[in-house]
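Each remark here refers to the structure printed beneath this line.
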Amino acid sequence: MKLFEELNEEQRAPVNDTEGAVLVLAGAGSGKTRVLTARIAHLVEDMGVSPSNILAITFTNKAADEMKERLFAITDIGRMWVCTIHSMCVRILRMYAERRGLNEHFSIYAEQERAAVIKQAFKECGFEEEGLLKSAKFHISNAKMLGLSPEQYAARYRHERNIDAAMKVFARYDRHLKQNNALDFDDLLTEARDLLATDSEARTYLAGKFRYIHVDEFQDTNAVQFDIIRMLAGVHGNLFAVGDDDQSIYGWRGAEIANILHFERAFPAVKTYKLQQNYRSTGAILALANASIGHNSMRKGKKLWTDKGEGEKPVYYEADEEAGEALYCARIIAEYCRKGYRPSDFAVLMRINALSRSFEQEFTKYDLAYKVFGGFKFFERKEIKDVLAYLRIIANPFDSEAVQRVINVPRRGIGEKTIQTLMSYADAEGLSLYDAVVDCDGLPLNEGAKEKLRGFRDFIKDLILRAEEQPLDGLTSYLIKVSGIYDMYLDGTDEGAAKRANLDEFQNSVEEFVRMNEGGSLSDYLQQITLYSDTDEMDDGDYVTIATIHAVKGLEFRCVFLCGLEENIMPTPRSLDDPKAFEEERRLMYVAITRAKERLWLTRSMSRYLYGRREVTTRSRFVEELSGELGIHDVRARYSGDFGYPRRSAGAFPSGRRREEREESGFTFGTAAKRPPVPVPPAQRQSTSRPAPSKSTSGVELSRFTVGTRVSHPRFGTGVITARRNEETNLIVTVRFEVAGNKDLAAVLAPLTVLE
């Protein structure tokens, strides 16, 4: 097999070991996907194992699709299960839906739908206090993550404040899910586990079917997932688990690092292999990663190495305030883009997404294309959720949450009082909300309200009938047009245009699904997008990625900035008294470092405005641990001259002044002899990476930026220069833009065009 020949000695050993339990500790960038793919291909092509007897579990749709693509080029995967663990559970539950009291077309509730139904259950229990609602949401989520019923959870956490009230809401919430023929994300796992645990026929069939089970990212499994995997492996015992204990960073959502650290307790005869050759990063980056993670005690122990060479040493930088930190990153990115790099080669990573604002602000000023991940995902936008709700009703008319969402979208005059009457009737009769709409003629409503409900009822009936005859892409096109959702946003505003563009993109996603999934049903499409993740949304666009570390796990970039390296940010304060949580924080540091292929910058701000106030910060202890590797002695003396920032103590600016008004005021490039080449923003570069001849900053003498000169900016529009300063070092101009207001801009960086 050609693929086998491409493996190194470390990788070949576990691929050849096909029987029994095998644990592969795969370091970052060590080619674990190649190993998984090669092993499956080896089973099918060399050992004659039927693809239908192979199960491969991943943790993101993107990883599953990548594995499918690699396998498709090698062998037959038509009957092979290659999917996320949630998708696998959906598939199993649809096979045995009736045994779990479900219809096979059950809805899957994402976080927004789940929150809406919990809030409804909360109100029905007679509660009003907002704090109690938050407490109930937490306990419900925690109970489901642990796989406990309301009664079991209440018994275990009986001393928790408000536990009885929270469990009352939990029970009511579960009742609504059953009425709606719906499951939430956690239910997919617990229902599948309970099916396997209680239904010997289902367990025997599935465990017998899957002779060889492969699990990627095993360190991210929680207790419920581990139970499912263990039961599926109960007949043949051939479990191939691949993971990295040093990259276990999801303890906050239930991942149990003990599953990989103590794997041998469940599988005593396990054979363990280590993949330590890294194909991603330079030697200097790996040395930093190894030095960092070496401070952890709860680990199996391995040391990454590479034959790629030492490369550039990581750079550490401290700024006075967060805007200076962001400006430093912007300047480095612009400078490297002038040398031939692309914006997509860069990632700015942070522990919490609250730090992204200053980077967004600075990148916008200097016209650096960027995209923030960890925020509102495409399929969570209101206009998209509304269309999805209609599709969910078509697939599952019992879905009362979906009916409640769109019964008056677009507005059809069905008010809150009418909806409450419908809900009370449905609850009393044990019906779905749509059933109540169908029965509206017998309800205590005026004729006008009944007529509006009949219109909604007839529209839904028409959609359900069309779904039997029309392909999915034709159905959604008809729905968006006839429902009036598209027309809702024909208001002439930029926001309306953006929402219409989102609806068009949604239609594109449906058409792409139809092309890529011959015979795929509406339920299949809804399942795919409901199980969508942040990482799945990342595309190949040419932009700087701004993201939390959690959002980029599994990805890689040529250049990485790891920012906000301060105490109480990384590590977080809640981890300081919990050794297990603290080591997870250090694993986050390791994950961030190992995203970088060629260059790595570590940065912090000596004072930061966060959570409503500005405070002096302390350097992260994770940086202090690496001071020898980074060569940190007097960091201010070492870096202020190299990068042009003044030596200024952390509280040098009066706290009452806005940082936006002063952020460039002290920026210098140092003396003329040391001044680096003027970086050109990507928008102004030609394909040769040479400055494009224009009237913009890159081609205009800075002396032309005089007070009173009219200029234009690609983001801020037109404006007038009202002030100049720092003329001997780095010219700062204040521009009063007609729409955006006053902005202070470094003239050599800002994409300003002088207007004649």
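For this structure, a couple of remarks:
- Inspection of segment 299-319 identifies at least one residue that is surrounded by 23 or more Cβ atoms within 10 Å (Cβ to Cβ), over 26 Å from the mean Cα position of the chain (by Cα) and under 30 Å from residue 221 (Cβ atoms).
- For segment 151-181, filtering for residues that are of a type in the set (S, T, N, Q) and farther than 29 Å from residue 402 by Cα leaves 2.
- Against the list (1) surrounded by fewer than 17 Cβ atoms within 10 Å (Cβ to Cβ); (2) without any contact (Cβ under 8 Å) to a residue 60 or more places away in the chain; (3) closer than 17 Å to residue 241 by Cβ, the condition residue 37 fails is (1).
- Test result for residue 327, out of contact with any Cys (no Cβ under 6 Å at 6 or more places or on another chain), under 30 Å from residue 713 (Cβ atoms), modelled with pLDDT of 95 or more and surrounded by 20 or more Cβ atoms within 10 Å (Cβ to Cβ): no
- Counted residues, segment 237-257 - those being modelled with pLDDT under 95 and not in a loop (DSSP other than H, G, I, E, B): 3
- Pair list, Cβ < 6 Å and 6+ apart or interchain, from segment 366-380 residues that are more than 18 Å from residue 716 (Cα to Cα) and aromatic (Phe, Trp, Tyr) to residues that are at pLDDT 75 or above and crowded, with 16+ Cβ neighbours inside 10 Å: 373/547; 373/551; 379/529
- Among all residues of segment 551-559, there is at least one that is modelled with pLDDT under 95, under 25 Å from residue 251 (Cα atoms), open to solvent by less than 60 Å² (accessible area, probe 1.4 Å) and not hydrophobic (A, V, I, L, M, F, W, C).
- Pairs where the first residue, in segment 338-361, is among the hydroxyl-bearing types (Ser, Thr, Tyr) and the second is open to solvent by 40 Å² or more (accessible area, probe 1.4 Å), C-beta under 9 Å, 6+ apart: 341/558; 344/540; 344/542; 344/558; 356/372; 356/375; 358/609
- Positions within segment 109-158 being surrounded by 13 or more Cβ atoms within 10 Å (Cβ to Cβ) and acidic (Asp, Glu), in sequence order: 113, 124
- Tally, over segment 89-141, of residues that are β-branched (Val, Ile, Thr), within 25 Å of the chain's Cα centre (by Cα) and closer than 30 Å to residue 201 by Cβ: 2
- Considering residues of segment 341-361 that are open to solvent by 40 Å² or more (accessible area, probe 1.4 Å) and modelled with pLDDT of 90 or more only, the residue nearest to residue 587 (Cα to Cα): 344
- The listed residue being in contact (Cβ under 8 Å) with a residue 60 or more places away in the chain, among the aliphatic types (A, V, I, L, M), open to solvent by less than 10 Å² (accessible area, probe 1.4 Å) and more than 20 Å from residue 185 (Cβ to Cβ), out of 74, 54, 85, 92: 54
- For residue 390, the criteria (1) assigned to a helix (DSSP H, G or I); (2) open to solvent by less than 30 Å² (accessible area, probe 1.4 Å); (3) in contact with a strand residue (DSSP E or B) (Cβ under 9 Å, 6 or more places away or on another chain) hold in every case but one, which is (3).
- Of all the listed residues (733, 748), the sole one being within 22 Å of residue 334 (Cβ to Cβ) and in contact (Cβ under 8 Å) with a residue 60 or more places away in the chain is 748.
- Among residues of segment 4-27 that are at negative phi, those with a Cβ under 9 angstrom from a residue that is of a type in the set (Phe, Trp, Tyr) and modelled with pLDDT under 95, sequence gap 6+ or separate chain, pair up as 12/4; 15/4; 16/4.
- In segment 729-753, the residues that are among the small types (Gly, Ala, Ser) and either under 17 Å from residue 703 (Cβ atoms) or more than 35 Å from the chain's Cα centre (by Cα) (or both): 746, 747, 750
- Residue match in segment 204-219 (condition: modelled with pLDDT under 95 and either within 26 Å of residue 100 (Cβ to Cβ) or surrounded by fewer than 21 Cβ atoms within 10 Å (Cβ to Cβ) (or both)): no
The values are calculated or read from the model by the stated rules, or taken from the named source; none is laboratory data. It should be emphasised that the depicted structure is a prediction, and the values quoted were computed from it without experimental measurement. No Cβ is skipped: glycine too gets one built from the backbone with ideal geometry, and neighbour counts run over all protein chains shown. Please note that ligands, DNA and RNA were not included when accessible areas were found on the heavy atoms of the full protein model with its side chains. Shrake-Rupley method; radii C 1.70, N 1.55, O 1.52, S 1.80 Å.
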